[in-house]
Amino acid sequence: MIKKVLVANRGEIAVRIIRSCREMGIRTVAVYSDADRKAMHVLYADEAFHIGPSPSIDSYLNIDNIIRAARLSKADAIHPGYGFLSENPAFSERCIKEGIIFIGPSPHAISSMGDKITARKMMQDAGVPVVPGTGGKIESEAEAVSTIREIGLPVMIKASAGGGGKGMRLVYHEKDIKSSLRAARSEAKTAFGNDAVFIEKYIQSPHHIEFQVLADSHGNVIHLFERECSVQRRHQKIIEETPSPILTQEKREEMGNAAVAAARAVDYQGAGTIEFIVDKDLNYYFLEMNTRLQVEHPITERVVGVDLVKEQIHIADGKPMTLKQDELKQHGHAIECRIYAEDPENNFMPAPGKVTHIDIPYGVGVRVDGSIYEGIEIPLYYDPLIAKLIVWGKDRNEALDRTQRALQEFKIAGVRNNLKFLERIIQAEDFIKGDYTTHFIEQNKEFLMREDACDQLCEDIVIITAFIEYLKKIEKASPKEMTALKNNWKDYNRIRSVLKL
Ligand code: MV4
């Protein structure tokens with residue numbers, strides 16, 4: 001029986017996991033790096049252990065230090081969250097060896113799905129549709145050329161150890177095959193230490209739709225329907241929604257069954273996600289399986305009515321699932337907006353800094369999962385995701401109106417962020433129509449990036465709010481501190497111009 005969980009993560013997901021543990025009467029242990037001494041997950045957990053310097057490699061990726069914290073705190077389980085060590089088979093293996101429950105799948109499931117050629121083969125054998133392409137890895141240029149002649153151009157050359165867009169090359173012309181093959185191989189070798197590649201037919205303008213699955217240690221496997229994740233930029237998702245506006249009930253059932261078959265094929269345990277690409281005729285193809293809890297899991301929680309973290313913990317505890325496939329239903333519509341500390345006007349550069357002011361939206365149908373508070377310094381070492389807005393409505397229209405209302409209430413000063421950009425997305429005609437593809441951001445960039453007077457005014461108000469905080473500070477500052485503040489204050493010149501100083 002799990003009584004104490006160490007959360008091997010930081011930020012909003014660490015806080016979110018601790019919340020479910022608390023509701024279950026489970027004690028919680030946070031771990032933190034130098035940069036995270038004052039982080040919200042540290043304040044929120046029952047205990048906290050320092051695990052190293054700020055760079056992830058020395059702290060949140062340091063297996064020895066995390067295991068040491070688990071032993072010292074006598075935690076009986078570790079939840080890895082997402083990112084960091086969540087899909088590292090050596091970490092889940094180490095937990096098992098140490099007699100600590102890893103809240104996630106087996107090392108075998110993690111490593112099989114981490115290798116895209118193996119994953120592709122296993123899925124094909126299980127009858128899950130995969131994109132037409134190679135059976136195994138490409139051994140030579142001649143094999144690449146003959147394979148491509150069979151499946152037809154355009155194709156994608158993909159790294160077997162890749163995923164999330166790394167080590168991919170799109171080939172349109174036969175003359176580019178050799179150079180693309182070499183480029184994909186060397187990129188894969190550098191990034192993953194493994195130069196195995198495979199080839200797939202390129203699916204033009206696809207939708208990215210993923211299915212949530214849960215599997216227990218008693219052979220029960222269910223799916224919790226889909227999430228539409230096509231709004232993304234450079235493989236970073238921005239907005240997700242469920243149900244997908246393009247799926248029919250029939251297709252949803254078919255894909256759900258395929259997702260369950262996929263999970264069974266790897267003898268999966270825990271929460272997982274099957275990613276599909278879907279073309280305009282609703283043909284769907286397995287892309288990858290993510291063997292972790294995902295950032296966008298709350299929209300599934302809202303529409304299906306489950307707490308996925310609680311389910312993960314019950315499963316890890318060896319309990320049989322009580323959820324039954326035929327009792328699960330999608331209720332209404334949910335949308336998640338990811339709030340990043342980044343500057344859309346400066347090529348989406350990460351924008352770390354001190355949060356001087358924050359207004360969080362409340363009210364009917366609104367959930368905010370975050371880890372920021374006024375005064376917190378957002379470190380530059382980690383992912384720039386700082387909060388997630390999850391909105392529910394009885395149907396898609398209500399969810400859209402409510403998302404707009406909540407985004408208007410949301411204010412963050414002190415760090416550049418994408419709140420305005422998110423508002424633009426949900427106002428875009430293609431988004432409202434609902435049949436958008438993975439090219440949506442690229443195809444709508446003019447509309448999404450346009451300047452208008454109203455937005456300028458809103459931003460000025462945020463800047464002035466931040467300026468008031470700044471004035472409070474300089475009143476108390478010595479001349480030396482004052483100079484430091486001015487040099488430090490990124491928006492100093494902008495504020496001077498807004499206030500016509
Ligand atoms: C594809 C594809 C089209 N055809 N494979 C991108 C990340 C990696 N997981 C696989 N990806 C893609 N694979 C074939 N055969 C298009 C993409 C793709 C994509 C997929 C999902 C979400 C966003 C994407 C953005 C660009 C390309």
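The values are calculated or read from the model by the stated rules, or taken from the named source; none is laboratory data. Computed from a prediction, not measured in an experiment: that's the story for all the values here. Keep in mind that these areas ignore ligands, DNA and RNA; they rest on the heavy atoms of the full protein, side chains included. Shrake-Rupley method; radii C 1.70, N 1.55, O 1.52, S 1.80 Å.
Sorting ARG22, ARG424, ARG185 on solvent-accessible area from highest to lowest, probe radius 1.4 Å, gives ARG22, ARG185, ARG424.
For the range 4-103, what is the percent of antiparallel DSSP beta bridges, rounded to the nearest 5? In the range 4-103, DSSP labels about 0 percent of beta bridges as antiparallel. In the range 156-247, the alpha-carbon atoms span a convex hull of 143 Å³ per residue.
Among beta bridges identified by DSSP and lying wholly in the chain, the antiparallel ones come to about 80 percent. What separates the Cα centres of the range 344-365 and the range 397-464 is a distance of 12 Å.
Per residue, the convex hull spanned by the Cα atoms of the range 213-306 measures out at 103 cubic angstrom. For LYS354, the solvent-accessible surface computed with a 1.4 Å probe is close to 90 Å², ligands and nucleic acids excluded. Averaging the Cα positions of each part gives two centres, and for the range 74-96 and the range 190-234 these lie 21 Å apart.
Volume per residue for the range 31-169 equals 153 cubic angstrom (convex hull of Cα atoms). For the range 275-334, the fraction of C-alpha pairs more than 18 angstrom apart is 54%. Taking every Cα-Cα distance in the range 207-448 and sorting them into 10 Å bins from zero, the calculated P(r) comes out as 7, 31, 35, 21, 6, 0 percent. On a per residue basis, the range 132-201 carries 49 Å² of accessible surface, using protein heavy atoms and a 1.4 Å probe. Look at the alpha carbon pairs under 8 Å that are at least 6 residues apart: their mean separation over the length of the range 132-201 gives a relative contact order of 43 percent. For the range 248-351, what log10 I(q)/I(0) values come out of the Debye formula at q = 0.11, 0.16, 0.18, 0.24 1/Å, with one point per alpha carbon and no solvent? With one equal scatterer per Cα and no solvent, log10 I(q)/I(0) is -0.46, -0.91, -1.09, -1.52.
Using just the C-alpha positions of the chain as equal point scatterers, what log10 of I(q)/I(0) does the Debye formula give at each q in 0.07, 0.10, 0.12 1/Å? One equal scatterer on each Cα of the chain leads to -0.40, -0.84, -1.19.
Note on the range 368-447: along the principal axes its Cα atoms extend 39, 30, 18 Å, ordered by decreasing extent. Global size of the range 132-201: 10.7, 30 Å for Rg and Dmax (C-alpha atoms, Rg to one decimal, Dmax whole). Calculated over the range 99-175, the projected area of the Cα convex hull averaged across directions stands at 6.8 nm².
Shown for the chain: the carbon plus sulfur share of the solvent-accessible area, taken with all protein chains present and a 1.4 angstrom probe, equals 51%.
The spread of Cα positions in the range 4-103, taken along each principal axis and listed from longest to shortest, comes to 31, 29, 23 Å.
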